[in-house]
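Below is one structure, written out as structure tokens, with a few remarks after it.
Throughout, read-outs are computed from the coordinates displayed, never taken from laboratory work. Worth saying up front: this structure is predicted, and the values here are computed from it rather than measured. Backbone-built Cβ (ideal geometry, glycine too); neighbour counts: all protein chains shown.
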Amino acid sequence: MKVVVTDYIEPNLDWEMDQFGQMGVDFACYQMKHACAAELVQAAADADVLIVNMAKMTQEVMEGLTRTKLIIRHGVGYDNIDVAAATRMGIVVSYMPDYCMHEVAEQAVMLILACQRKLLVQSHLAAESSRQGKWVFDPVYPVHSLKGKTLGIIGCGRIGSIVHTMVQGFHLNRILVCDPYLSDKRRQALPDDPIPLDTLLAESDIVTIHTPLGPETYHLLDQPQFARMKPTAILVNTSRGGVVNLEALDRALREGQLMGAGIDVYEEEPPNAAMPLLHNPKAICTPHLGWLSEESSWNIREKIVEDVRRFLQNEGPRYPINKEIQIQFGRA
Ligand SMILES: NC(=O)c1ccc[n+]([C@@H]2O[C@H](COP(=O)([O-])OP(=O)(O)OC[C@H]3O[C@@H](n4cnc5c(N)ncnc54)[C@H](O)[C@@H]3O)[C@@H](O)[C@H]2O)c1
């Protein structure tokens, strides 16, 4: 029985090696985030279980995996994994949807506050005022209070619903939700019914996005959507880069269609240094760190090892994506 890691974000995987060693499981790890299909297939040739962070698990890779029974995605989104191809090959794909939910919600709330209060401009003005020996405030105007404003949440699943709870103390006027697929349980927990996207965009002062990335949500926010928003509005995206057209967002900010944006995720990661939004003074860009905390980093490591342990005991993973596959887990 062998576990192979295609790519990882931890400083090292010594702890995993020790854990798998105690289970009698062989282990190999690579840093193949940008590897081509042939390289990934070669690395995974004798893997029963593959652990994948950002490596692209395409149909070509899946078709080369003759031994693998389980792919564990190290993370919440799984848009880098062709799950349909895995299903055709009889490979179960699992993921870790219940880790870092509070961290991402904290990142979204941080970006909401930082954009609304123009944190980067304030920081610059502190240094500039010291340099000039007098307070320099002009560049920061206008700053709008959060109190009495309307927050729009697009996608109110695990993370969106935590944001909904976190902002309760901000004395907002309304919290609007757009989520056409909201589960009955979450819907019942909300004070108001979800509304259409166009209405949410027109009525919100702050919009925060928490949908998955898929064909339906690719560029869900693009030029026509920005045109519907208030010129004083803030847009925050901590979901997936492809959900927002960042070129159109940059233009909308420069043309005054929106007041500010807080962005944690990008279509290309890391974004090209020439990407205009990185140099837009109305944007606060963070390096896809919504997931980060010491606590969440250990939490996901433990959960992944738990899925491997379950595999050895002929149990399915905690969160399978392609549940339709019934296979015999465990040692051959
Ligand atoms: N920035 C980070 O570091 C980081 C970390 C973890 C997760 N994420 C991302 O955060 C996002 C949300 O994660 P989650 O765990 O809350 O997911 P979730 O599946 O629990 O919730 C997503 C919600 O979006 C809704 N939705 C789907 N399509 C929609 C649409 N077209 N319009 C409006 N709503 C729609 C779903 O009904 C669901 O309620 C994902 O994209 C995930 O990849 C980012």
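Overview of results
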| read-out | value |
| --- | --- |
| Cα-based equivalent ellipsoid of the stretch 260-332: semi-axis lengths in Å, sorted from largest, via gyration tensor | 39, 15, 10 |
| Relative contact order of the stretch 1-159, pairs being alpha-carbon contacts under 8 Å that are 6 or more residues apart, as % | 16 percent |
| Calculated from backbone phi, Karplus (6.51, -1.76, 1.60) coupling profile of the stretch 202-212 in Hz, x at Gly/Pro | 6, 9, 8, 8, 9, 10, 10, 10, 9, 9, x |
| Kirkwood hydrodynamic radius over Cα pairs of the stretch 122-186, then Stokes diffusion coefficient at 4 °C and 1.567 mPa s, in µm²/s | 88 µm²/s |
| J(HN,Hα) series, the stretch 69-79, from Karplus relation 6.51 cos²θ - 1.76 cosθ + 1.60, nearest Hz, glycine and proline x | 10, 9, 10, 9, 7, 6, x, 9, x, 9, 6 |
| Area projected by the alpha carbon convex hull of the stretch 115-240, averaged over all directions, nm² | 9.0 nm² |
| For the stretch 177-267, convex hull of alpha carbons as volume per residue, Å³ | 91 Å³ |
| For the stretch 25-81 versus the stretch 185-213, the gap between their alpha-carbon centres in whole angstrom | 35 Å |
| Helix 294-312 vs. the chain, principal-axis angle (Cα, 0 to 90°, nearest 10) | 30 degrees |
| Residue 236 long-range amide H proximity, modeled H, under 5 Å | 207, 208, 209, 262 |
| Total lysine pairs whose alpha carbons fall under 21 Å of each other in the chain (8 or more apart, or interchain) | 19 |
| For the stretch 2-122, Kirkwood radius (reciprocal of mean inverse C-alpha pair distance, Å) | 15.9 Å |
| Distance cut-off 32 Å, percentage of C-alpha pairs in the chain lying past it | 37 percent |
| Gain in span if fully extended, residue 18 to residue 192, counting 0.36 nm per residue against the direct Cα distance | 57.7 nm |
| Calculated FRET efficiency for the pair residue 324/residue 45, C-beta based, R₀ 35 Å, to 0.05 | 0.85 |
